[in-house]
Structure formats: C-alpha cells, structure tokens
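Input: a single structure, listed below in structure tokens.
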Amino acid sequence: MSKHWVVTLILLIVALPSALHAIGMGGMGGMGEMVDKVFLVTKDVGKVVFSHSLHGARCNDCHPKLFEKKRSSKPVSMKAMEGGASCGACHNGKKAFSVKGDCARCHGNGDVIYETDAGKATFSHEVHTAAFGCDACHPDTFKAVKGANKASMAEMEKGASCGACHDGSTAFSVKDENTCSSCHAM
C-alpha cells in the first residue's frame, strides 16, 4: 500500500466521526457521543424510555426544533403532543403510530409491585388495561409516581386506591379474604 493511501486512510478514520456528527449522524452505529436510551419522566403517567437507535433519525431532524439537546428539556403534555408538539410531530397516525390511544406502547405495560400494610401486592397493567383504558385510573385514582399511591387495606375498604373498583360490585372486593392471593403473594 502506498504512503498516499495510508495517510488518506488515517485521515478518514480520524475525521469520519466528526463529519458524521456535523451532518446529524453522530452516535449512530457507536460513533459520536449520542446516548441511545433517554428516560423522560412525565408528571402523570410515569417514565417513558426513548431509544435513538430505534427511531433512526438524524439528530438534526429533531434537535433543536422539537427537543433541546440537554437534560433539562421542558415536559410536554399529551394534549400538546396530540396537537403535534414533541413526539406528536411524527407520531400523528400518518408518519408513525399516533400518540393517541395505545398508552402502553410508550409508557409500558408491566406489573407494578406495591408495599402495603398487608404485604407486597402485584398490580398487572396487562389484566387491567385489557378491560379498561389507562384513563380509568390515571391520573385521578393513581398517580404514576413511585410512592404516591399509598393506601392501607382499611382505606381501600372505604374506596381508596384499588378499592375504588375492587368494591365487590365492579370487581372482587378488597374485603373478601378469599381473594387476597389475587394481589398478594401468600
């Protein structure tokens, strides 16, 4: 290999990451300083995990016109997103799936483990969202913030927290000792 090709190859290896970053591709494929997973904390419905690699857009497609390139970006409401702000600029039902409807697609649909005065209780989003929409519980009955939904069994028996639906009419009663294992590990 000639000296000319060696010098060209070295310059290419050194300059390519900077050139990709300058055109908005820094970080894709492991180049540059892009963080793949960004955790966005929402006021009412918990954490959303955004993956840069899953979206595959160039940095300049979203930054800075939709999102600031810093940790202190301002939160945006679902109503604003439904109007085209933030994620809603692309997730409008035409360019990508809509922000309206399937909450679990971005906000998760896993089990939540609660510490209660009657021991650990498991709440299944999958079971509950199959029967009801997210807005049946969020944000009024349950705030999606860790530790915000503490209620004793006595409070639940009076209609607080899970007791709002688990009243023996809408769903099995929190008072029924035969159903304890439905939520609590025995």
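The values are calculated or read from the model by the stated rules, or taken from the named source; none is laboratory data. Please read all numbers here as calculations on a predicted model, not as lab measurements. With ideal geometry, Cβ positions are generated from the backbone for all residues, glycine too; neighbour counts draw on all protein chains shown. The accessibility values were calculated without ligands, DNA or RNA, using every heavy atom of the protein model including side chains. Shrake-Rupley method; radii C 1.70, N 1.55, O 1.52, S 1.80 Å.
Scan (1) in contact with a Lys or Arg (Cβ under 9 Å, 6 or more places away or on another chain); (2) open to solvent by 90 Å² or more (accessible area, probe 1.4 Å); (3) in contact (Cβ under 8 Å) with a residue 40 or more places away in the chain for the single condition Thr116 breaks and write down its number.
Condition not satisfied by Thr116: (2).
Looking at this structure, is Ser53 of a type in the set (S, T, N, Q), at pLDDT 85 or above and out of contact with any strand residue (DSSP E or B) (no Cβ under 8 Å at 6 or more places or on another chain)?
Here the answer is yes, as Ser53 does meet what is asked.
If Cys162 satisfies all but one of (1) closer than 17 Å to Phe50 by Cβ; (2) modelled with pLDDT of 85 or more, what's the number of the condition it fails?
Of (1) closer than 17 Å to Phe50 by Cβ; (2) modelled with pLDDT of 85 or more, only one is false for Cys162: (1).
Suppose we filter Lys37, Lys95, Lys79 for residues that are exposed (fewer than 13 other Cβ atoms within 10 Å of the Cβ), under 28 Å from His125 (Cβ atoms), modelled with pLDDT of 65 or more and more than 19 Å from the chain's Cα centre (by Cα); which single one remains? Walk me through how you get there before you give the answer.
Numbers: Lys37 fails: more than 19 Å from the chain's Cα centre (by Cα); Lys79 fails: more than 19 Å from the chain's Cα centre (by Cα).
Answer to the selection: Lys95.
Of everything in segment 170-185, what is surrounded by fewer than 13 Cβ atoms within 10 Å (Cβ to Cβ), under 22 Å from His125 (Cβ atoms) and free of Cβ contacts under 8 Å to residues at least 60 places away in the same chain? Give them in sequence order. Full working, then the answer.
Of the residues in segment 170-185, the ones surrounded by fewer than 13 Cβ atoms within 10 Å (Cβ to Cβ) are 170, 176-178, 181, 185.
When the remaining residues are screened for being under 22 Å from His125 (Cβ atoms), the result is 170, 181, 185.
Across segment 170-185, the qualifying residues are Thr170, Ser181.
Would you call Ala154 aliphatic (A, V, I, L, M), free of Cβ contacts under 8 Å to residues at least 60 places away in the same chain and open to solvent by less than 40 Å² (accessible area, probe 1.4 Å)? Full working, then the answer.
Working: aliphatic (A, V, I, L, M): yes; free of Cβ contacts under 8 Å to residues at least 60 places away in the same chain: yes; open to solvent by less than 40 Å² (accessible area, probe 1.4 Å): no.
No.
Can you pull out every residue in segment 99-109 that is assigned to a loop (DSSP other than H, G, I, E, B) and either within 17 Å of Ala131 (Cβ to Cβ) or of a type in the set (A, V, I, L, M, F, W, C) (or both)?
Of everything in segment 99-109, those that are assigned to a loop (DSSP other than H, G, I, E, B) and either within 17 Å of Ala131 (Cβ to Cβ) or of a type in the set (A, V, I, L, M, F, W, C) (or both) turn out to be Val99, Gly101, Asp102, Cys103, Asn109.
Conditions: (1) of a type outside the set (A, V, I, L, M); (2) in a loop (DSSP other than H, G, I, E, B); (3) open to solvent by 40 Å² or more (accessible area, probe 1.4 Å). Gly84 meets all but one. Number of the miss?
With (1) of a type outside the set (A, V, I, L, M); (2) in a loop (DSSP other than H, G, I, E, B); (3) open to solvent by 40 Å² or more (accessible area, probe 1.4 Å) applied to Gly84, the lone miss is (3).
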